[in-house]
Amino acid sequence: MCRVEDAVLSLLQGCNSMQRLHKIHAHAVIHGLDLRPAVTAKLLSFCATSSAGDLSYALVLFSRLPIPATPHWNSLIRGFAVSPSPSFSISLYNSMFCSADCRPDAATFSFLLKACGRAATAEKSREVHGTIFRSGFASNLIVSTNLSRAYSDNGFVKDARKVFDEMPERDIVAWNSIIACYCRVGMHEEAIKVYRKMSAVGFGLDEFTVVGLLSSCAHLGALELGVWVHKLAVKNGFLKKNVFVGNALVDMYAKCGNLQQARQVFDQMPKRDIFTWNSMLFGLSMYGCGQEAITLFDQMLMAGIQPNDVSFLGLLMGCNHQGLADEGVKHFHLMSSKFAIQPDAKHYCCVVDMLGRAGRLEEAIKFVKTSPFLFDSVLWRAMLSACKIHKNVEFGELVMENLIKMSAYNAGDCCLLAGIYASIGDSNGVSKMRKMVKEQGMKTTPGWSCIELNGEVRKFVVDDNSHPEIEEIHDKIKEMIRRATSLGFAPEIEEWMENGVGIHSEMLAIAFGLMRTPEGMRLRITKNLRICKDCHLLTKLVSHAFGREIVVRDRMRFHQFESGSCSCKDYW
DNA sequence: ATAGGGTTAG
C-alpha cells in the first residue's frame, strides 16, 4: 500500500462533511486511488451512513464500482434502512442476492432486518428468516436479535418471542430487546414477567432494562416495583449518566400517583431534554394542575428548550383538566403563530374537549366544522362525550348522525349516546342503542382496573367472576353501596348493581383493596377507560365512609378522592 | 470490514 493511499484513508477517517469528502475524493482521483477497495469502502460508508453524508451521492459512487463487494452493499443497505425509504434497502439486497460476485454476511442481515421492520413488510421478514436459517446465521446473536425486532416492528409479537426463545444463547441486549418489544405493544405484565425470568437466570440490569421496566410500571401503576427499580438505578449510578433513566422515572412517578416524587426527580436531574420537560408537563396536566403546567412551559422556554407537538398536547390537556378554556385556546393559536408547529388531530381534539366540557357546545361544534380534521371521527367522538356531560340529546343525536354518515361509529359511541338517553330517562333511546350494538356485532373495549398489593399487580375486568375471592368482593361492594346510600348515593343508572352484573372493574379493585389493606391505607387504582359518573360518586362517598384516600388514574387523568370529594372538583 | 436494546403523546 502506498503512502498516498494511507494519507487518503486517514483523511477519510476524520472527514465530517460532504464538502470535505469531495475534496478528498478529488485528491484520490488525481492519484489514481479512487477505485482502491479500501478507499471506495470508506467513501461509501461515510456518504451512506454518516448523519452528514448524502445517500444519493453514495449511489453515484456505488454505480462507478466495477464489482461491488459485500461491505459496499452493506453500507448502502445500512444507510437506506434508516432513511425515509427503507424499502430501497430491500431492493438493494435483492440485487445483491442475485449478484454472482459476493454473498450477504451477518452485517447484511442485520441492516436488512432493520429495513424490514421500518418498511413494515412481514412477508419479507419471514422470507429473510428462512434465508438466515438456511445460511446458518440464525446462531448469530446479533442477527437473531435483529430478526426478533423485525417481527416485533411488524406487529408479530409471538414470532418475535419465538425467535428469542430459540436463540442458542442470550445476552443482556437480547433480553432488553424482547422486554422493549412487550413495552411497545402495551403487554406490560409480560414485560415484567420476562424481567423476572431474566433475573432468575442470573442477569442483572442496565440502563435499557431499567427504562423498559419503568415504562411498564408507569402503564400498570406499579409504584412499589417502580420504587425498587429507582433504588437500583441510583445504586448503579444510571441516573447520573443517562437522561433516559431520569425521564422514565419522572413519568413513572407521575403515572403512579406520586407527583411530588416526580417533581423531585425532575428537579434533581443533572441534564434535561425535551422528554424530561414533556413528561413533567403531562404529569402536572394529569393531576389537573393546568396553571402549574403553564408555568413549567414558560420555564422550559427560558431553559432554551424548543417545545414540540407533544409539549403542546400536555399543556392543552392541563388547561382542559383545570377548565382553563381561554388559556388553552390562546396557546392552541400560539402553536402555529409563534412556534411554527402545525396542530394535529389530537390538539384539535383537546380543544373540542376543552370547549365542550366547559359547556361551550355551539362553539365546539363550530370549531370542529371549521377544522382541517372535519372528517376525523375522533373530533366528533370528543364532541359526543361533551354532549354526554351536559346531557344534550339534540347535539348528541346530531353528532351520532355525522358519525354514521362517515361510517365511523363504534360501540363506544353507541354507549355514549345510550348514556345521554339514560341520563334524561329515555329508556327507548337506551334500548335503541343497545340493539344497534348487538345487531351489528360491534365490540366494546373491555374495561379493566389494576391494584398493586405487596408489589404484585392484580387486574380486574368488568363482570369477571373468576377470582377466587369473588364472593367476598361482592359482599364488600354491597357494604360500600349500603354505606354510600346512607350518605345520599343515588346512581344515574341503577341496574348495574343487581347480582354483581355490570359492576365496573374499579369497584372490584377498590373492594379488593379495602379487604386486603390495613385500615386507613391509601388505595391506588389504575384503569384503562374513563371513570363513569356513578363510580365517581360512589368512590367519593366510599372515601368518606371508609376513611380512605383513594387515587384512581383513568385514561385521561388522576382523581384523588378524600373525605367525600375529588381533586378534579367533579370536572372531568 | 461494517452489526443488536431504551423514555413522553395516541
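Every number here is computed from the coordinates shown, using simple stated rules; none is lab data. Here the structure is a predicted model, which means the values were calculated and not measured. Heads up, the Cβs are rebuilt from the backbone with ideal geometry, glycines too, and the neighbour counts pull from every protein chain shown.
Brief remarks on what is shown
- When the Cα positions of A:THR370, A:THR444, A:LEU398 are compared along the charge dipole of the range A:344-444, A:THR444 comes out farthest toward the positive end, with charges on each C-beta of Lys, Arg, Asp and Glu.
- Dipole-positive endmost among A:LEU379, A:LEU416, A:LEU355 within the range A:344-444 (Cβ charges, Cα centre): A:LEU416
- For the range A:167-239, the calculated P(r), taken from all Cα-Cα distances in 10 Å bins from zero up to the bin holding the longest distance, is 21, 57, 21, 1 percent.
- Student exercise, chain A dipole from Lys, Arg, Asp, Glu Cβ charges, in Debye to nearest 20: 1040 debye
- Positive minus negative residues near A:LYS255 (Lys, Arg vs Asp, Glu; Cβ under 15 Å): +2
- Positive-end residue, chain A charge dipole about Cα centroid, Cβ charges, pick of A:GLY53, A:SER337, A:VAL229: A:GLY53
- Long-range amide H partners of A:ILE525 with built H, under 5 Å: A:VAL551, A:VAL552, A:ARG553
- Difference of contour (0.36 nm per residue) and Cα-Cα distance, A:VAL201 to A:THR445: 84.2 nm
- Taking label positions 7 Å along the Cα-Cβ direction at both A:ASP101 and A:LYS193, the computed distance is 5.1 nm, reported to one decimal.
- Extending 7 Å from the Cα toward the beta-carbon at both A:PHE375 and A:SER85 defines two label points whose distance is 2.8 nm.
- Of all lysines in the structure, the ones whose alpha carbon falls short of 23 Å from that of A:LYS443, not counting any fewer than 8 places away in one chain, are A:LYS388, A:LYS405, A:LYS432, A:LYS435, A:LYS459, A:LYS527, A:LYS533.
- The string of couplings for the range A:522-539 from the Karplus curve (6.51, -1.76, 1.60, θ = phi - 60°) is 5, 9, 10, 10, 10, 9, 8, 10, 6, 6, 8, 5, 5, 5, 4, 5, 4, 5 Hz, one whole number per residue in order, with x for Gly and Pro.
- Once backbone amide H atoms are built at 1.01 Å from N, A:LEU33 has no partners under 5 Å, excluding neighbours fewer than 5 places away on the same chain.
- Amide H contacts under 5 Å for A:LEU453, placed H, 5+ residues apart: A:ARG458
- Cα-based radius of gyration for the range A:60-132, normalised by 2.2 N^0.38 Å, reads 1.02.
- Taking the Kirkwood radius as Rh and the Cα radius of gyration as Rg, the range A:426-558 has a ratio of Rg/Rh equal to 0.98.
- The charge dipole of the range A:344-444, taken about its Cα centre with unit charges on the Cβ atoms of Lys, Arg (+1), Asp and Glu (-1) only, comes to about 240 debye.
- Here A:VAL201, A:VAL461 are placed in order of increasing Cβ neighbour count within 10 Å, fewest first, which gives A:VAL201, A:VAL461.
- In order along the range A:158-169, the Karplus-derived 3J(HN,Hα) couplings, from 6.51 cos²θ - 1.76 cosθ + 1.60 at θ = phi - 60°, round to 5, 5, 4, 5, 5, 4, 4, 5, 8, 5, x, 8 Hz, and Gly and Pro are given as x.
- Based on the Kirkwood approach, the hydrodynamic radius assigned to the range A:344-444 is 13.4 Å, with every pair of different Cα atoms included.
- Whole-Hz couplings from phi, Karplus 6.51/-1.76/1.60, listed for the range A:388-400; x for Gly and Pro: 5, 4, 9, 6, 9, 5, 3, 5, x, 5, 4, 5, 4
- Between 0 and 90°, nearest 10: helix A:325-339 axis offset from chain A longest Cα axis: 10 degrees
- Paramagnetic reach from A:ARG522 in the range A:230-271 [backbone N under 14 Å; point 7 Å along Cα→Cβ]: A:253-264
- Once the Cα atoms are used to define both axes, helix A:290-302 deviates from the longest principal axis of chain A by about 20 degrees.
- In plain terms, the chain from A:ASN454 to A:ILE142 could stretch by 108.6 nm, reckoned as 0.36 nm per residue minus the Cα-Cα distance.
- Within-12-Å neighbourhood charge of A:ASP206 [Cβ basis; K, R +1; D, E -1]: -1
- Chain A: angle of helix A:427-439 to the longest principal axis, Cα-based, in degrees nearest 10: 30 degrees
- Per residue, chain A reaches -20000 deg cm²/dmol at 222 nm when only DSSP H runs of four or more residues are counted, each adding -39500 (n - 2.57).
- Counting DSSP beta bridges with both ends in chain A, the antiparallel % (nearest 5): 80 percent
- Cα shape, the range A:1-73, gyration tensor, a/c 1.5 rule: oblate
- Zone of A:LYS438's modelled label, taken as backbone nitrogen in the range A:523-549 under 15 Å from a point 7 Å along Cα→Cβ: none
- Distance cut-off 40 Å, percentage of C-alpha pairs in chain A lying past it: 40 percent
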